[in-house]
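K.L.:
Please see the structure below; I have some questions.
The values are calculated or read from the model by the stated rules, or taken from the named source; none is laboratory data. What you see is a predicted model, and the numbers here were worked out from it, not measured in a lab. Quick reminder, even Gly has a Cβ in these numbers, built from the backbone with ideal geometry, and neighbours come from all protein chains shown. The accessibility values were calculated without ligands, DNA or RNA, using every heavy atom of the protein model including side chains. Shrake-Rupley method; radii C 1.70, N 1.55, O 1.52, S 1.80 Å.
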Amino acid sequence: MEKQNEVVLFGTWASAFCKRVELALKIKGIPYEYVEEDLTNKSESLLHYNPVHKKVPVLVHNGKPISESLVILEYIDECWNNTPKLLPEDPYQRAKVRFWVNFFDHQIMARLLPIIMTRGEEREKAIKEFNELLKVFEEGINKDFPEEFPFLEGKTLGYLDIVVGTALCNYEAFHEVVDVVFSPEKNPVIMAWVKALKNHPSMKETLPPHDKFVDKMREKYLGQYP
Ligand SMILES: N[C@@H](CCC(=O)N[C@@H](CS)C(=O)NCC(=O)O)C(=O)O
C-alpha cells in the first residue's frame, strides 16, 4: 500500500517545465518528495532515470521513471483519475486542449529563449514571431473554448492553465530583465487569463519568487552581454 504512493520529482526551481509538474501534483493532492538538481553537475540518479535526454523534470513513481513534462502531466492525470481532472472527459475537447498545449509548448515557448539570448535584428525578429504566434494562440483558444476564457475564478486549473501559467505568470520578471514582449493592449485575452492564473492559490504557491527569478535570469542570460 505504502509503495503505491512513492512519488519523487527531480526538478530545478527556475524551470517552467518542472513547475508544470509540481503544480499538477499539488492540484491533484498527490504527496511527493522533491529533489532539486544542479544542472551544472547532474546527479547519478538523474542520468540513470533519464538517460536519453538527461533533463529535468523526471517523475519517479514506485521506482519507475517518466520523462518529458507533458508526458508526465498526462500520466499523472491517468494514474490518479479520482482526483480533479486536468484534461476534459470529452475526447474532442481533450484533442483540442492537447492541440493548443502542443502549439504553446513547441511554438511559443521555443521563441522565448531567442528573445533573451539574441540582440539587434535577430532579437527584433524573435519578438515579432513570438507576438504573431501569441496572437494565433489567443484567437485559437478564444474560438475553441468560448465559454472558458478568461479563466474563471474558482475553477480547477486544467492542462492548458498549468502549461501557460507556469510559463507566463512570471511575465513581470521577464519584462524587468529583457523588456516588454506582451501587453494587455496586444494580447487582452492572454493578459486577463494570466493575471487570473497568477492569483490562483496553487499557482502562487508554485511559482518561483519574483526577485530570485529576476536574479537568475540576469545571471544566466544577461551575464553574456556585459
Ligand atoms: N521537453 C522537455 C524540456 C525539459 C528541459 O528543457 N529541461 C531543462 C531545464 S529547463 C534541462 O533539464 N536542461 C538540462 C540540459 O539541457 O542539459 C520537457 O518538457 O520536459
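K.L.:
Residues Pro91, Pro84, Pro31: which one is at pLDDT below 95 and either away from the ligand (no atom under 16 Å from the Cβ) or not charged (D, E, K, R) (or both)?
P.N.:
Values: Pro91 fails: at pLDDT below 95; Pro31 fails: at pLDDT below 95.
Of the residues listed, the single one that is at pLDDT below 95 and either away from the ligand (no atom under 16 Å from the Cβ) or not charged (D, E, K, R) (or both) is Pro84.
K.L.:
Which residue out of Lys186, Lys212 is in contact with a helix residue (DSSP H, G or I) (Cβ under 7 Å, 6 or more places away or on another chain), surrounded by fewer than 18 Cβ atoms within 10 Å (Cβ to Cβ) and not assigned by TED's automatic domain parsing to the domain that holds Ser15? Spell out how you get there, then give the answer.
P.N.:
On the way: Lys212 fails: in contact with a helix residue (DSSP H, G or I) (Cβ under 7 Å, 6 or more places away or on another chain).
The unique qualifying residue is Lys186.
K.L.:
Tally the residues that are open to solvent by less than 60 Å² (accessible area, probe 1.4 Å) and of a type outside the set (Asp, Glu), restricting the search to the range 129-143. Can you show your working first?
P.N.:
Taking the range 129-143 first, the residues open to solvent by less than 60 Å² (accessible area, probe 1.4 Å) are 129-131, 133-134, 137-138, 140-141.
Next cut, of a type outside the set (Asp, Glu) only: 130-131, 133-134, 137, 140-141.
Summing the residues that are open to solvent by less than 60 Å² (accessible area, probe 1.4 Å) and of a type outside the set (Asp, Glu) in the range 129-143 gives 7.
K.L.:
Among the numbered criteria (1) in contact with a Phe, Trp or Tyr (Cβ under 9 Å, 6 or more places away or on another chain); (2) of a type outside the set (Phe, Trp, Tyr); (3) assigned to a helix (DSSP H, G or I); (4) modelled with pLDDT of 90 or more, which one does Glu129 miss?
P.N.:
(1)
K.L.:
When Met109 is evaluated against the numbered criteria (1) within 13 Å of the chain's Cα centre (by Cα); (2) under 21 Å from Ser202 (Cα atoms); (3) outside the structural domain of Pro51 (by TED's automatic domain parsing), which criterion, by number, is the only one it fails?
P.N.:
Failing condition for Met109: (2).
K.L.:
In addition: For Lys55, state whether it is at pLDDT 95 or above, surrounded by 17 or more Cβ atoms within 10 Å (Cβ to Cβ) and within 12 Å of the ligand (Cβ to nearest atom).
P.N.:
Working: at pLDDT 95 or above: yes; surrounded by 17 or more Cβ atoms within 10 Å (Cβ to Cβ): yes; within 12 Å of the ligand (Cβ to nearest atom): yes.
Against the criterion (at pLDDT 95 or above, surrounded by 17 or more Cβ atoms within 10 Å (Cβ to Cβ) and within 12 Å of the ligand (Cβ to nearest atom)), Lys55 qualifies.
K.L.:
Working carefully through the options Lys64, Lys96, Lys26, find the one that is touching a residue at least 40 places away in the same chain (Cβ under 8 Å) and outside the structural domain of Thr206 (by TED's automatic domain parsing). I'd like the intermediate steps shown before the answer.
P.N.:
Details: Lys64 fails: touching a residue at least 40 places away in the same chain (Cβ under 8 Å); Lys96 fails: outside the structural domain of Thr206 (by TED's automatic domain parsing).
Every option except Lys26 fails the conditions.
K.L.:
Moving on. Looking only at residues in the range 17-28 that are under 17 Å from Leu168 (Cβ atoms) and open to solvent by 10 Å² or more (accessible area, probe 1.4 Å), which one is farthest from the ligand (Cβ to nearest atom)?
P.N.:
The selected residue is Glu22.
K.L.:
In this structure, is Ala14 open to solvent by 40 Å² or more (accessible area, probe 1.4 Å) and either in a loop (DSSP other than H, G, I, E, B) or not acidic (Asp, Glu) (or both)?
P.N.:
On the way: open to solvent by 40 Å² or more (accessible area, probe 1.4 Å): no; either in a loop (DSSP other than H, G, I, E, B) or not acidic (Asp, Glu) (or both): yes.
So Ala14 fails the test.
K.L.:
Could you look through the range 58-74, keep only residues that are near the ligand (Cβ under 9 Å from one of its atoms) and β-branched (Val, Ile, Thr), and pick out the one that is surrounded by the most Cβ atoms within 10 Å (Cβ to Cβ)?
P.N.:
That would be Val58.
K.L.:
Now, a different point. Could you please find all residues in the range 107-128 being within 20 Å of Glu176 (Cβ to Cβ) and loosely packed, with under 12 Cβ neighbours inside 10 Å?
P.N.:
Scanning the range 107-128 gives Leu113, Arg119.
K.L.:
Another question, if that's okay. All but one of (1) within 16 Å of the ligand (Cβ to nearest atom); (2) without any contact (Cβ under 8 Å) to a residue 40 or more places away in the chain hold for Lys143, so report the exception by its number.
P.N.:
If we test Lys143 against (1) within 16 Å of the ligand (Cβ to nearest atom); (2) without any contact (Cβ under 8 Å) to a residue 40 or more places away in the chain, just (1) comes out false.
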